[in-house]
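For reference, the structure is listed below as structure tokens.
The values are calculated or read from the model by the stated rules, or taken from the named source; none is laboratory data. It should be emphasised that the depicted structure is a prediction, and the values quoted were computed from it without experimental measurement. Every residue, glycine among them, receives a Cβ derived from its backbone with ideal geometry; neighbour counts consider all protein chains shown. Surface accessibility is based on the protein's heavy atoms, side chains included, excluding ligands, DNA and RNA. Shrake-Rupley method; radii C 1.70, N 1.55, O 1.52, S 1.80 Å.
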Amino acid sequence: VVGDVVFINTGDKVPADLRIFEATNFTVDNSGLTGESEPVKITGLCGLQGYERPTEAKNIVFLSTNCISGNGKGVVIKTGKNSYMGQIAELAFSA
């Protein structure tokens, strides 16, 4: 549910799009979403910080990505078809 606080640990699958506010050695595998082979370090710092795409933000993790290491706490900002992954799936199936 949007607004819920979620705790993510090593090995967990991210259950929704989250804005991370606390992170300890937190990395996620975004390869299913972006094709990027390298894990992304999530610091919990606000904003895109010079990056252009939401997938490059250091305080956002996405539905169905996996926590590779560390842990983090975040607030649910989008779920299901409203999530970043959900929007991509909707585009793929509407074509």
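Observations on the structure shown:
- Chymotrypsin sites (Phe, Trp or Tyr not before Pro) restricted to DSSP loop in the stretch 10-95 with at most 13 other C-beta within 10 Å: TYR51
- Each residue of the stretch 55-71 is assigned a 3J(HN,Hα), and the resulting list reads 5, 9, 5, 8, 10, 10, 10, 10, 3, 6, 7, 10, 7, 8, 7, x, 7 Hz, derived from the Karplus form 6.51 cos²θ - 1.76 cosθ + 1.60 (θ = phi - 60°), x at Gly and Pro.
- For the stretch 1-60: rounded, prolate or oblate by the Cα gyration tensor [a/c cutoff 1.5]: rounded
- Principal-axis tilt of helix 84-94 within the chain, Cα atoms, nearest 10 degrees: 10
- Taking the 1.4 Å solvent-accessible surface of the chain as the whole, the part contributed by carbon and sulfur is 54%.
- PHE21 long-range amide H proximity, modeled H, under 5 Å: LYS73, GLY74, VAL75
- Charge dipole of the stretch 1-60 (Cα centre as origin; +1 on each Lys and Arg Cβ, -1 on each Asp and Glu Cβ, all else neutral): 80 debye, rounded to the nearest 20.
- Secondary-structure-derived ellipticity at 222 nm for the chain, considering helices only, amounts to -4000 deg cm²/dmol, per-run term -39500 (n - 2.57) for DSSP H runs with n ≥ 4.
- Residues in the chain average 59 Å² of solvent-accessible surface per residue, probe 1.4 Å, ligands and nucleic acids excluded.
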